[in-house]
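S.K.: Once you've had a glance at the structure underneath, I'll fire off some questions.
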């Protein structure tokens, strides 16, 4: 990691250090960008520095959208495969050799955090995920290193997966040392409290979506009649194999139907083989991983987005599913499954297009129902958009996080 630069004494903004394992490697990367999108919208209120893992082709250090980014190396570049294209849990499952990278990954992050604490002297830390980011802060505290107040945000995988006795114990010890916490959906509040989070300091705050300028409807784009869309990492909890199993039943009723798959991940080869085995090659298109700028047009022209979420064998499941908010923002109806986090989007307007998780028959029935009556889908999306703007637009989300972080800065200053 490049040598950090000391903070500018003339800058009156509080200094915020963001810790994340999922972060764009470069501009327009296909990796999930929600941490960067939040961080860059905090720049007006904070001097923001991010610590995240390095990957092949990424700069060790750069400034992107006013955010100072430091990427720690944990292996030779060609072997830095633990984080990207599937996430840590997905890569560990499908590529067991990546477990060999865990010791250096954790040590490099710990060392990078220690260096930035000295150089940046942050007033507050925002750790995304309990494991490993918040754990790194807790470990430094345990050996006597002074750290600023820390807000930890759980996005789901750290909460729902890694449920063994040792992992749960580590998460409890970590949470005990956090000054505040948040989860991205109300469904996650109970599991977070079970880890010892202070109920008075536990917020429910989703990540945001640009619903005002990017993910917006376009009346000039014609919507296809029989085009299904799947967007997401190709990992177990996203449930793509169940959608592929449902597709033959959809084709029996609507033979013109096609499915476009935008995503990449460790289950890609298995899903491609499944398409061949089911004889679906003429009806399924694998688009690969796409940058965020390519998604709005897909949402605007597709008949619907299908998110066949399931609970993975590890216990991992969707914490919220922002891809649904993106689609709805573009006027695209959604068929999804009955998982706890889905209730976050209901708000009294959710339609009956809810399938049972892992049930291709139920999923096909809901897809067919929407294909039979697209006008009803259009109507409920229009009803839902105002509440989505209020709860999920970047401006509202960034304001909420800024207030939570500012309270930590103020309370820390008052206690000195």
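The values are calculated or read from the model by the stated rules, or taken from the named source; none is laboratory data. Everything numeric here is computed off the predicted structure, so don't read it as measured data. Because the Cβ atoms are built from the backbone with ideal geometry, glycine has one as well, and the counts that use them run over all protein chains shown.
S.K.: Suppose we keep only residues that are in a helix (DSSP H, G or I) and at pLDDT 95 or above within the stretch 295-322. Which one would you say is surrounded by the most Cβ atoms within 10 Å (Cβ to Cβ)? Give the steps one after another, and end with the answer.
M.R.: At the first step, the residues of the stretch 295-322 found to be in a helix (DSSP H, G or I) are 295-301, 322.
Adding the requirement that they be at pLDDT 95 or above leaves 295-301.
Values: 295: 20, 296: 21, 297: 12, 298: 20, 299: 27, 300: 21, 301: 17.
Per the criteria, the residue is 299.
S.K.: Given the condition touching a residue at least 60 places away in the same chain (Cβ under 8 Å) and within 24 Å of the chain's Cα centre (by Cα), answer yes or no: does some residue in the stretch 366-381 qualify?
M.R.: no
S.K.: Filter the stretch 354-366 for residues that are surrounded by 20 or more Cβ atoms within 10 Å (Cβ to Cβ) and in contact with a helix residue (DSSP H, G or I) (Cβ under 6 Å, 6 or more places away or on another chain); which is farthest from residue 311 (Cα to Cα)?
M.R.: Only one residue tops the list, namely 364.
S.K.: Considering (1) in contact with a strand residue (DSSP E or B) (Cβ under 7 Å, 6 or more places away or on another chain); (2) within 30 Å of residue 165 (Cα to Cα), say which one residue 314 fails and leave the rest.
M.R.: In the conditions (1) in contact with a strand residue (DSSP E or B) (Cβ under 7 Å, 6 or more places away or on another chain); (2) within 30 Å of residue 165 (Cα to Cα), residue 314 misses (1) alone.
S.K.: For residue 13, state whether it is under 21 Å from residue 321 (Cα atoms), surrounded by 15 or more Cβ atoms within 10 Å (Cβ to Cβ) and over 16 Å from the mean Cα position of the chain (by Cα).
M.R.: Taking the combined requirement at face value, the residue does not satisfy it.
For (1) in the same structural domain as residue 344 (by TED's automatic domain parsing); (2) out of contact with any helix residue (DSSP H, G or I) (no Cβ under 9 Å at 6 or more places or on another chain); (3) surrounded by fewer than 17 Cβ atoms within 10 Å (Cβ to Cβ), each residue gets a yes or a no:
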residue	(1), (2), (3)
368	yes, no, no
375	yes, yes, yes
382	yes, yes, yes
402	no, no, no
410	no, yes, yes
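S.K.: Which one is farthest from residue 188 (Cα to Cα) among residues in the stretch 325-340 that are in contact with a helix residue (DSSP H, G or I) (Cβ under 6 Å, 6 or more places away or on another chain) and surrounded by fewer than 23 Cβ atoms within 10 Å (Cβ to Cβ)?
M.R.: Here the residue is 331.
S.K.: To continue, here is another question. Give the number of residues within the stretch 138-159 that are out of contact with any helix residue (DSSP H, G or I) (no Cβ under 7 Å at 6 or more places or on another chain) and part of a helix (DSSP H, G or I).
M.R.: 2
S.K.: Would you check which residues across the stretch 362-416 are at pLDDT 90 or above and not in a helix (DSSP H, G or I) and list them?
M.R.: 373, 393
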